[in-house]
Each structure stands twice: as C-alpha cells, then as structure tokens.
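Here's the structure, in structure tokens; my notes come after.
Computed from the coordinates by the stated procedures, all read-outs in this text should not be read as laboratory data. The structure presented is a predicted model; accordingly, all values stated were derived computationally and were not measured. All Cβ positions, even for glycine, are placed from backbone atoms using ideal geometry, and neighbour counts span all protein chains on display.
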Amino acid sequence: MTERVGADQDALSRLLADVPVGHVGFVTPDGQPFVLPIAISQDGDGVLLHGSTGSRWLRLLATGIPVSLAVTGLDGMLVARSAFESSMHYRSAVLFGRCTALDGERKLAALDSLTDALIPGRVAEVRRPSAKELAATLVLRLDVEDWSLKVSDGQPDDLAEDVAGPAWAGVLPLASRYTEALEAPDLRPGIEVPESVRRLLQAGN
C-alpha cells in the first residue's frame, strides 16, 4: 500500500471535481463541535456551499468563524493477505478557512456553478431562479487559507511469509455511476430525458 501526503493542487482539484459532498466542521459559540454535510463545488482557490437562509448553521458560517471542510473519495478496496495490511484506496483532503456570503450577480453565478458542477449542462435546460428562490438561498464561499491532501493507493505490502501462503491479494477498484433516469410521477407526456441527464448516465458506461 502507498500513502502520500502532499500539496498537489491538481490532485486536490480532481478530488473536489469528483466528490460532490463535503463535511464542514466548526465550533458553535457555546463550544459545541458540529459537522455539517453539504454539497460543494470548487470555485478557483475556494469552495462554494449553499443552503436555506433558514439554516442557523449556515448563517453561523456566514459570520466568518473558522471552519474545516473534509472531502473524501473512496476509489477501491486493498485486499491484502492479512487483515492487518488490508486497507482502502482513497483520496482525502481537509481544507481550512472562513466563509463569506455572496450576493447579487456573484450569488447567481455561484448557484449556476454549483448546479452545473452536480449536473453539467443543466443550467441551460431550466428556468432562471426567481427572486423568491434567491432570497431563500444562502450561498457561501469558503476562502481556503490552508489545506492538506492524502492519497492512498498501490498494492498490498504483505509480509514475505504471507506472500508465500495461500491467501489471495489484490485491488478491487470501485466505480460509482448513475444507473437509470426515473421519471417524476407528474412528468407531462412527451418530455424526453434531457441531454445533461443522458450524459451522466452515459458517463458510467
């Protein structure tokens, strides 16, 4: 097994592009530690987050308190000849910084970026957000001040006596994909699956 800890900006960007969910950690004013799972999208050297303006946790993040963001992609299982040497292939990063709330055109552009990051091309297929929807949505940008990336890959690192033994060893790569497009029960007849959805389905084939 190979584990690498480093500051590879390209590898971090690939991880943020591949993994749509992160976990934001912070401490509330009364000292309670908290972790918030949230959809994410890379924005240059920062990360975009969004949710309801009714979320007290997002409103707290908007005040600029220190936060950390953990992002992990599971790429496979490392099957060694012993349980001790068995592990996973993964990419994991922790980013540190503070969030600022976006408004006006920056807010709208960030929402477009988030939407197209999750479903590429979707923004062009749907109507623009209404004023009411925009008012109900809080968009934050995490300004990253520091980060750490760890990558675990490679082959089993078994003891010589285990290599000489009867147990199988190797790697099981993990592939995540979308399997089908299930129509909404109230979808009007004649509306075809859009190009953005077809591309996501085809990406896993």
Residues of the range 168-205 with amide N under 18 Å of the 7 Å Cα→Cβ point at Met77
168-177
Once exposed loop GluC sites (Glu not before Pro) are cut out (DSSP; at most 12 other Cβ, 10 Å), longest piece of the chain:
1-179
Within the chain, which is the longest segment that contains none of the trypsin sites (Lys or Arg not before Pro) sitting in a DSSP loop with at most 16 other Cβ atoms within 10 Å?
1-126
With a 10 Å cut-off between alpha carbons and a GNM built on the chain, which of Gln32, Gln155, Gln42 moves the most?
Gln32
